[in-house]
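S.K.: Let me begin by handing over the structure; questions about it come next.
Just so you know, all these numbers are worked out from the coordinates, no wet-lab data involved. What you are looking at is a predicted structure, and each value in this text was computed from that prediction instead of being measured. Positions of Cβ are generated from backbone atoms using ideal geometry, with glycine treated the same way; all protein chains shown enter the neighbour counts.
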Amino acid sequence: MNDTQIESGFRIRPCLPTDLEAAYDVCLKTGDSGADGTHLYQDDPAALGNLYVGPYIVLEPDLAFVLEDGAGVCGYVLAALDSARFYERLQAEWLPSLCARHPDPEGDPATWTPSQRLYHEYHHYQVYYPPSFRAYPSHLHIDLAPRAQGRGQGMRMMHHQLETLERRGSAGVHLCMSALNHRAYRFYRKLDFDELARIGAAGDEVIYLGRRMDRR
Ligand SMILES: CC(C)(COP(=O)(O)OP(=O)(O)OC[C@H]1O[C@@H](n2cnc3c(N)ncnc32)[C@H](O)[C@@H]1OP(=O)(O)O)[C@@H](O)C(=O)NCCC(=O)NCCS
């Protein structure tokens, strides 16, 4: 598949720095376990994108792709080739300026807004990347705006990214998703992702899935 293939009015193309704002918007509109998260982040609509979109577009531009239709950007698939290296760079090159702009919240965590909980994460960044995940050294994020969902575009985006990662020498890829996002779970299972781990309490549980490139 090439970068500019057009199908059903949708086009996959490399993400440009000028797509940042539109990509943050897709992140927000899918930021509540796949549903619209606008109501959760009214105090800072960029809080999620600052962690899950911005650093990928800036630090891994060759693995950042957007989906576009006549109305503009309506999805993205973003990846890091070498997760260990990416997390090091995130800590050194991305988080310091975010932390400078958003102080670590104080007081009772139960009173924090979702944005403030993310600020806490910026300041106390912790990533789950155990030795057993090393067979899946890359990781990715995909989100499509509602108008692009359920039309086969997610599959196209994933195949595009999996092929790109494989060409770049990746042995495997993992991802993290909310256990509440049943649609995403079915989607990844159709793509032959296997469950690697489940962590967190019920209601807040996340699932890690992985897929080796040699399975395709
Ligand atoms: C999860 C997500 C990436 C899945 O992408 P998607 O393209 O919507 O994939 P879905 O499996 O939901 O939709 C595919 C369905 O589209 C329909 N469809 C319509 N035209 C199609 C076509 N040309 N080709 C394939 N499927 C088509 C089919 O019903 C298909 O279902 P089936 O595979 O059971 O037949 C996307 O829904 C999304 O971004 N959701 C919100 C954000 C999110 O949850 N992100 C993941 C966070 S971990």
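S.K.: Summing Lys, Arg as +1 and Asp, Glu as -1, what charge do residues with Cβ under 13 Å from the Cβ of D82 carry, D82 excluded?
M.R.: After counting each charged neighbour, the total is +1.
S.K.: Hey, another quick one. Apply the Karplus parameterisation 6.51 cos²θ - 1.76 cosθ + 1.60, with θ equal to phi minus 60°, to every residue of segment 53-64 and state each ³J(HN,Hα) to the nearest whole Hz, in sequence, with x for glycine and proline.
M.R.: 10, x, x, 6, 5, 7, 8, 10, x, 6, 10, 10
S.K.: Hey, another quick one. What number comes out for the charge environment of Y56, summing +1 per Lys or Arg and -1 per Asp or Glu over other residues with Cβ under 12 Å away? Please list the in-between numbers first.
M.R.: Working: positive: R89; negative: D19, E60, D62, D143.
Combined, the nearby Lys, Arg, Asp and Glu give -3.
S.K.: Label S8 and S132 with points 7 Å out from Cα along Cα→Cβ: what is the distance between them in nm?
M.R.: Distance between label points: 3.6 nm.
S.K.: How large is ³J(HN,Hα), in whole Hz, for each residue of segment 168-178 in order, when computed from phi with the Karplus curve 6.51 cos²θ - 1.76 cosθ + 1.60 and θ = phi - 60°, using x for Gly and Pro?
M.R.: Result, rounded to whole Hz: 7, x, 5, 8, x, 9, 10, 7, 10, 9, 5.
S.K.: Apply the Karplus parameterisation 6.51 cos²θ - 1.76 cosθ + 1.60, with θ equal to phi minus 60°, to every residue of segment 207-214 and state each ³J(HN,Hα) to the nearest whole Hz, in sequence, with x for glycine and proline.
M.R.: For segment 207-214, the Karplus-derived couplings read 10, 9, 10, x, 8, 7, 5, 6 Hz, x marking Gly and Pro.
S.K.: Pop the C-beta distance of H159 and E205 into the FRET formula with R0 = 22 Å and round what comes out to the nearest 0.05.
M.R.: Rounded to the nearest 0.05, the efficiency is 0.20.
S.K.: Further, regarding this structure: Can you compute the modelled spin-label distance between Q149 and E166, with each label point 7 Å from Cα toward Cβ, in nm?
M.R.: Reported label-point gap for Q149 and E166 is 2.8 nm.
S.K.: FRET efficiency for E106 and L16, Cβ-Cβ distance as r, R0 = 35 Å, nearest 0.05?
M.R.: 0.35
S.K.: A further question follows. Taking the Cβ of C99 as the center, what net charge do the other residues with Cβ under 15 Å away carry, scoring Lys and Arg +1 and Asp and Glu -1?
M.R.: Values: positive: R101, R117; negative: D44, E93, D104, E106, E121.
Neighbourhood net charge equals -3.
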